[in-house]
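See below for the structure under consideration.
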Amino acid sequence: MTVTGTDFVELDRIAVQEAVRVVDLATPADWTRDTPCAGWDLRRLVAHMTAQHFGFAAAARGAGRRPEHWRDPEDMSEPARTHRSAAASVLAAFAEPGVQGREFTLPELGGDFPGDRAVSFHFIDYVVHAWDVAATLGIPVRFPAHVLAAARAVARAVPADPARRGPGFAFAPPLTVAEGSGTLEEILRVLGRGPERWPVRG
C-alpha cells in the first residue's frame with residue numbers, strides 16, 4: 001500500500017479526531033450494540049481502536065516490537081475516555097518531527113515499514129473505524145472531500161489477495177462498487193464493508 005507525496009500525518013489527525021467525535025457520542029446503552037466488525041460489540045471495537053492507537057504511538061517511537069503496547073486495555077469501563085487518551089497519544093507521537101522518515105515495526109502486519117507508509121495504514125484504519133462507530137450508532141460520519149480522496153487512493157492500494165482478507169485480518173474481501181457510488185461508499189466497499197446494511201437512523 002503506497003501513496004506518495006501525501007501528508008498522512010495531517011490526514012490521520014483528521015481521521016482520528018473524527019473517530020474521537022463519534023465515539024464520544026456513544027451512550028451507556030450503546031456499548032453492547034453490534035458493529036460492522038463481525039463478532040464485536042461497540043465496546044470491543046473501541047478497545048481494539050484504543051490498542052491500535054497505543055501500538056502505533058509506540059511504533060513511531062521505536063518500541064513497536066513490544067507486545068504489551070498492542071494489547072487491548074484491561075479496563076474498558078469508560079470506553080470513550082480511554083479511547084480519547086489513546087488518540088491523544090498517537091497524535092502526539094505522529095506530530096514529532098521526522099516521523100514519516102522513521103521505520104515502524106508493526107507486528108500484526110509482519111514487519112518493518114517506512115513511517116509514511118505506516119501512518120497511511122493508521123489513517124485508512126481510522127477513516128473506516130470512524131465509519132464503523134458511526135454506523136453502529138446510526139449517525140453520519142463527516143470527512144472533508146480531500147480526506148476521502150486520499151483514503152480512496154489508499155484503499156485501492158490495499159492488496160485484495162483472498163489470503164489476506166477476511167476473519168483475522170483488517171479488512172474483508174472487496175465488494176462490488178456500483179457505478180456512481182460516492183467516495184466514502186467506494187472506500188468501504190473496496191475494503192469489504194457493506195454500508196447499505198447500516199443506514200443512518202432518524
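Look through ALA155, ALA149 and report the one residue that is open to solvent by less than 20 Å² (accessible area, probe 1.4 Å), on the phi < 0 side of the Ramachandran plot and either in contact with a His (Cβ under 7 Å, 6 or more places away or on another chain) or part of a helix (DSSP H, G or I) (or both). Steps first, answer last, please.
Values: ALA149 fails: open to solvent by less than 20 Å² (accessible area, probe 1.4 Å).
Answer to the selection: ALA155.
Condition first: modelled with pLDDT under 95 and either touching a Gly at 6+ places or on another chain (Cβ under 8 Å) or open to solvent by 30 Å² or more (accessible area, probe 1.4 Å) (or both). Can you find one or more residues in the stretch 51-61 that meet it?
Taking every residue of the stretch 51-61 in turn, none turns out to be modelled with pLDDT under 95 and either touching a Gly at 6+ places or on another chain (Cβ under 8 Å) or open to solvent by 30 Å² or more (accessible area, probe 1.4 Å) (or both).
Exactly one of these conditions fails for THR105: (1) closer than 18 Å to GLY182 by Cβ; (2) surrounded by fewer than 24 Cβ atoms within 10 Å (Cβ to Cβ). Give me its number.
(1)
I'm told ALA95 meets every condition in (1) touching a residue at least 40 places away in the same chain (Cβ under 8 Å); (2) buried (at least 17 other Cβ atoms within 10 Å of the Cβ) except one. Can you identify the failing condition by its number?
Condition (2) is where ALA95 drops out.
Checking PHE143 against (1) open to solvent by 20 Å² or more (accessible area, probe 1.4 Å); (2) in a helix (DSSP H, G or I), which test does it fail?
(2)
Just for the stretch 5-21: of the residues that are out of contact with any helix residue (DSSP H, G or I) (no Cβ under 7 Å at 6 or more places or on another chain) and either at negative phi or open to solvent by less than 60 Å² (accessible area, probe 1.4 Å) (or both), which one is modelled with the lowest pLDDT?
Narrowing the stretch 5-21 to residues out of contact with any helix residue (DSSP H, G or I) (no Cβ under 7 Å at 6 or more places or on another chain): 5, 7, 10, 17, 21.
With either at negative phi or open to solvent by less than 60 Å² (accessible area, probe 1.4 Å) (or both) added as a condition, the list becomes 7, 10, 17, 21.
Details: ASP7: 93, GLU10: 97, GLN17: 98, ARG21: 98.
My answer is ASP7.
Quick one: count up the residues across the stretch 22-50 that are of a type in the set (Gly, Ala, Ser) and open to solvent by less than 10 Å² (accessible area, probe 1.4 Å). Spell out how you get there, then give the answer.
Step one: of the stretch 22-50, the residues of a type in the set (Gly, Ala, Ser) are 26, 29, 38-39, 47.
If we keep only those that are open to solvent by less than 10 Å² (accessible area, probe 1.4 Å) as well, we get 47.
Count: 1.
Answer yes if at least one residue in the stretch 96-104 is at pLDDT 95 or above, in contact with a helix residue (DSSP H, G or I) (Cβ under 6 Å, 6 or more places away or on another chain) and not in a helix (DSSP H, G or I), and no otherwise.
Scanning the stretch 96-104, I find at least one residue that is at pLDDT 95 or above, in contact with a helix residue (DSSP H, G or I) (Cβ under 6 Å, 6 or more places away or on another chain) and not in a helix (DSSP H, G or I), so the answer is yes.
Somewhere in the stretch 121-132, is a residue among the β-branched types (Val, Ile, Thr), over 23 Å from GLY55 (Cβ atoms) and assigned to a helix (DSSP H, G or I)?
Going through the stretch 121-132, the residues among the β-branched types (Val, Ile, Thr) turn out to be 124, 127-128.
If we keep only those that are over 23 Å from GLY55 (Cβ atoms) as well, we get none.
For the stretch 121-132, residues among the β-branched types (Val, Ile, Thr), over 23 Å from GLY55 (Cβ atoms) and assigned to a helix (DSSP H, G or I): absent.
Which condition number does THR176 fail, the rest of (1) within 18 Å of GLU196 (Cα to Cα); (2) in contact with a strand residue (DSSP E or B) (Cβ under 8 Å, 6 or more places away or on another chain); (3) of a type in the set (S, T, N, Q) being met?
Failed condition: (2).
State which residue is surrounded by the fewest Cβ atoms within 10 Å (Cβ to Cβ) when the search covers only the stretch 168-188 and only residues that are at pLDDT below 95 and closer than 16 Å to ASP125 by Cα. Spell out how you get there, then give the answer.
In the first step, residues of the stretch 168-188 are kept if they are at pLDDT below 95; the result is 168-181.
Pick out the ones that are also closer than 16 Å to ASP125 by Cα and you get 168-174.
Values: GLY168: 7, PHE169: 13, ALA170: 18, PHE171: 20, ALA172: 16, PRO173: 13, PRO174: 17.
In this case the residue turns out to be GLY168.
Give me the pairs, please: first residue somewhere in the stretch 114-131 and farther than 18 Å from ARG189 by Cα and among the charged types (D, E, K, R), second residue anywhere and at pLDDT below 95 and open to solvent by 10 Å² or more (accessible area, probe 1.4 Å), beta-carbon distance under 7 Å, and either six or more positions apart or on two chains.
ASP116/GLN100; ARG117/MET1; ARG117/THR2
Among the numbered criteria (1) of a type in the set (Ser, Thr, Tyr); (2) open to solvent by less than 20 Å² (accessible area, probe 1.4 Å); (3) over 14 Å from the mean Cα position of the chain (by Cα), which single criterion is violated by SER77?
So the condition that SER77 fails would be (2).
Condition test on ALA163, is it assigned to a helix (DSSP H, G or I), under 24 Å from ASP34 (Cα atoms) and either at pLDDT below 95 or touching a Lys or Arg at 6+ places or on another chain (Cβ under 9 Å) (or both)?
No: the conditions fail for ALA163.
The values are calculated or read from the model by the stated rules, or taken from the named source; none is laboratory data. Source: prediction; values computed, not measured. No Cβ is skipped: glycine too gets one built from the backbone with ideal geometry, and neighbour counts run over all protein chains shown. With ligands, DNA and RNA removed, areas are computed over all heavy atoms of the protein, side chains included. Shrake-Rupley method; radii C 1.70, N 1.55, O 1.52, S 1.80 Å.
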